[in-house]
Amino acid sequence: MAKGDVKLGMHASLWAAEWSREAAELAIPEAAEHGLECIEFPLLVPEGVDAPHSRKLFEKYGVEPTCSLCLPEDKMAAVKPEVAEAFLKKALDKAAETGSKFLGGVTFGALGYRSGKPPQKGEYENIVKALKPAAQHARKLGITLGIEPCNRYETHLLNTSDQALMMLEMIGEPNVTIHFDTYHMNIEEKGIGTALRKCAGKTAYVHMSESDRGVPGTGTIDWNDVYRGLAESGFKGRLVVESFVTLPPEIAAALSVWRPVAKDRHEVLARGVPFLRGLGKAHGLL
């Protein structure tokens, strides 16, 4: 595996509830100081991100930007595909301005929204109507589009690796990848490593999330199984720690985060990051 095939990073929620100029000025230098190679920041409100300012800092400190989002409820792909497509294209343009080559997350729906029924054929068809042209737009920008299966309590649409593989086939665009999250996989999959191996070559992005979304290595995730699955599937991509130390109130409510998941960001950086980096090296990934 060539150097740089796998990079370890951090979600911006470790530092701030939203990606502002101040958040960028705090997070990017500190990430570089701790040897993190990328920062994922949210594009929940694309027009609110100062792209030139962020890009300058990312380039200065040699940290790679990646982006994520969930769709607003009035722009859900399963319900309003044309509106979702327009929103995603706007977010993709902003991601490109910052220098990001990845936009993932719940690109197909709104966090916390469930219809109360299993996913319907028409909902999947609408998601494809939105994501296929969005993926084509992303490809022109040199961006990979990720779809993140989330647990049954946060969405009814895509929960499992099997559903994600089906959606990749339905969209049919080469720059679409599965964006896994070990927190969700711990709930929905028979085994995290098993799912990663099954999706070999189909996933290039993984949220490294503990069972309580706190400090990696302090919960019940079997991290050796995760890394074995990554190594045996020939994973190449980004491993991004997602520890929700700070969240906007509406996202905290959607995710049912009612109490602190870690003492502070320093605990995650001092304990969780070295833990994951050490295991990654032991498995030949980092």
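The values are calculated or read from the model by the stated rules, or taken from the named source; none is laboratory data. This is a predicted model, so every value here is computed, not measured. Cβ coordinates were reconstructed from backbone atoms using ideal geometry, including for glycine residues, and neighbour counts include every protein chain displayed.
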Condition check for L145: modelled with pLDDT of 95 or more, over 22 Å from D93 (Cα atoms) and not in a helix (DSSP H, G or I): no
Subset of the range 1-42 [farther than 26 Å from E267 by Cα and touching a residue at least 60 places away in the same chain (Cβ under 8 Å)]: M1, D5
Answer residue from the range 1-51, given it is at pLDDT 95 or above and among the basic types (K, R) and is surrounded by the fewest Cβ atoms within 10 Å (Cβ to Cβ) among those: R21
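Only one of E40, E82 is under 24 Å from E169 (Cβ atoms) and acidic (D, E); which? Spell out the reasoning first.
Details: E40 fails: under 24 Å from E169 (Cβ atoms).
Every option except E82 fails the conditions.
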Single residue of V6, V106, V49, V83 found to be within 20 Å of R139 (Cα to Cα), touching a Lys or Arg at 6+ places or on another chain (Cβ under 9 Å) and among the β-branched types (V, I, T): V83
Count - residues of the range 85-117 that are part of a strand (DSSP E or B) and of a type in the set (S, T, Y): 1
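Is it the case that A282 is surrounded by 15 or more Cβ atoms within 10 Å (Cβ to Cβ), closer than 23 Å to E37 by Cα, at pLDDT 95 or above and out of contact with any Ser or Thr (no Cβ under 7 Å at 6 or more places or on another chain)?
no
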Residues (part of a helix (DSSP H, G or I) and either within 18 Å of the chain's Cα centre (by Cα) or crowded, with 19+ Cβ neighbours inside 10 Å (or both)) located in the range 252-274: A252, A254, L255, R265, V268, L269, G272, V273
Residue list for the range 206-249, restricted to those being under 25 Å from L111 (Cα atoms), touching a residue at least 40 places away in the same chain (Cβ under 8 Å) and hydroxyl-bearing (S, T, Y): S243, T246
One residue from K202, K190 being out of contact with any strand residue (DSSP E or B) (no Cβ under 9 Å at 6 or more places or on another chain), at pLDDT 95 or above and of a type in the set (K, R): K190
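Mind listing whichever residues of the range 24-44 are among the small types (G, A, S) and either in a loop (DSSP other than H, G, I, E, B) or closer than 20 Å to G214 by Cα (or both)? Give the steps one after another, and end with the answer.
We begin by selecting, within the range 24-44, every residue among the small types (G, A, S); these are 24, 27, 31-32, 35.
Within the range 24-44, A27, A31, G35 meet the criteria.
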